[in-house]
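Inspection log for the structure reproduced underneath, given as structure tokens.
The values are calculated or read from the model by the stated rules, or taken from the named source; none is laboratory data. None of the values given here were measured: they were computed from a predicted structure. Here the Cβ is made from the backbone with ideal geometry for all residues, glycine too, and neighbour counts use every protein chain on show.
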Amino acid sequence: MNILFYRHTLLSRGGDRMIIAHANHLVAEGHQVTIMAAQINSVFHIDSRVILQRLPSSNTASTLLRALVTHFPHQLIIADIIPLACLLAVRNRKHTIYYAQDYDESYYSSLFPRLFIRLLYSIGLTVMGIRTIAVAQHLADTFLRRFHVRTEVVENGIDAASFYPDPDQELIRYKEDRQAILLLSRSDARKGFDVAVTIVTNLLNRKGTETLEIWTVGEACQGIFPAGVHHRDLGYVNEHRLRQIMSSANLFLYPSRHEGLPLMPLEAMACGCPVITTSAVPYARSGENAMVSLINDDVTLLNQSILVLTNQHIIRSLINGGIATAQRYTLEHTLSSFASKLVSMAEFQQ
């Protein structure tokens, strides 16, 4: 097959990582794969056989316009946001696949953009009949409930060869007697970094700056914590370094507001790092593999953080449950299932 992944950016987020993983697997299976994007700048390994094609303009409007007016020669064209999928389907309807990594309405807080995205879903899934692969069953259930369409499901998975307990001795020495709380720094409000900062600040006020330190991965956030706080801004890291960081942290705090099927909590679980998160994470089970609160429940998240940092029995239970959960979500199964779905879709359109 000749497959195109069409995006505006290819960076170092979880969704980007899954696109790269699928592209790498598909070229290894003998397919021709192109990733076309206006900006390509990722820490994740991209197979040299994957064709990287940069769009001539970094302007978002240009990316959208090209999607609308171009008839692409590829057998399958994959977009992972519904606006791009709808635009691509205008001239490439039989070939367009929507790879739903989340429900795009959740990107927006104001009413008009949310209604507009819902309209695009209705047009794309119902009127245009764009074929869809969702990364989680709850997304497929949402599409069925709201738009009366059935979609394929291929759940995300993580690479067991990349994520396992592997503490970094330098990080351990740096902590001294402090406990390290790991956060994902993202300006995307859905990821709840603002909530995490509030909880950590309250923790520091209760326990003192000499007992805790904060590690952040993702977007730069120097200066966001009060003076005197031990903060390591680790930036975007590859999988090897992320494994070491997660294996060395005492807690991964991930107060997300909305998710498809997120990778980072699974990766933390696989590395033996206790996870505190919200009901937005579909596989999190409170007291079994994580501590789980309602979304935006700062008080419960704070109390759970204190509990996990102090109760060795709970820590051990969460580590064991998390590792068992991570073992059920394998990247190998995800990649082979996704490739199989694409082959079936390509055969169906002929």
* Asked: Of the residues in region 23-53, how many are under 19 Å from the mean Cα position of the chain (by Cα), surrounded by 22 or more Cβ atoms within 10 Å (Cβ to Cβ) and within 20 Å of Ile158 (Cβ to Cβ)?
  -> 1
* To do: Inspect all residues belonging to region 82-94 and state whether any of them is assigned to a helix (DSSP H, G or I), touching a residue at least 12 places away in the same chain (Cβ under 8 Å), of a type in the set (Val, Ile, Thr) and within 22 Å of Arg186 (Cβ to Cβ).
  => yes
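Matching residues to (1) in contact (Cβ under 8 Å) with a residue 60 or more places away in the chain; (2) not basic (Lys, Arg):
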| position | (1), (2) |
| --- | --- |
| Ile97 | yes, yes |
| Arg114 | no, no |
| Arg118 | no, no |
| Leu125 | no, yes |
| Ala140 | no, yes |
| Phe143 | no, yes |
| Arg150 | no, no |
* Asked: Checking Arg66 against (1) farther than 20 Å from Val127 by Cβ; (2) buried (at least 16 other Cβ atoms within 10 Å of the Cβ); (3) in contact (Cβ under 8 Å) with a residue 24 or more places away in the chain, which single condition isn't satisfied?
  -> (3)
* Only one of Gln244, Gln222 that is surrounded by fewer than 17 Cβ atoms within 10 Å (Cβ to Cβ) and over 30 Å from Gln137 (Cα atoms) -> Gln222
* **Members of region 307-333 found to be in contact with a helix residue (DSSP H, G or I) (Cβ under 7 Å, 6 or more places away or on another chain), surrounded by fewer than 20 Cβ atoms within 10 Å (Cβ to Cβ) and within 25 Å of Arg206 (Cα to Cα), listed by number** => Leu307, Ile314, Ile315
* Asked: With Ser305, Ser256 as the choices, which residue is more than 23 Å from Asp166 (Cβ to Cβ), in contact (Cβ under 8 Å) with a residue 12 or more places away in the chain and in contact with a Lys or Arg (Cβ under 6 Å, 6 or more places away or on another chain)?
  -> Ser256
* To do: Starting from region 11-31, take each residue that is of a type in the set (S, T, N, Q) and list its partners that are crowded, with 19+ Cβ neighbours inside 10 Å and in a helix (DSSP H, G or I), counting only C-beta distances under 9 angstrom and pairs at least six apart or across chains.
  => Asn24/Leu335
* **Scope region 236-262; condition more than 13 Å from Leu182 (Cβ to Cβ) and not acidic (Asp, Glu); matching residues** => Tyr236, Asn238, His240, Ser256, Arg257, His258, Gly260, Leu261, Pro262
* Taking region 225-239 only, how many residues are in a strand (DSSP E or B) and either modelled with pLDDT of 95 or more or out of contact with any Leu (no Cβ under 8 Å at 6 or more places or on another chain) (or both)? -> 5
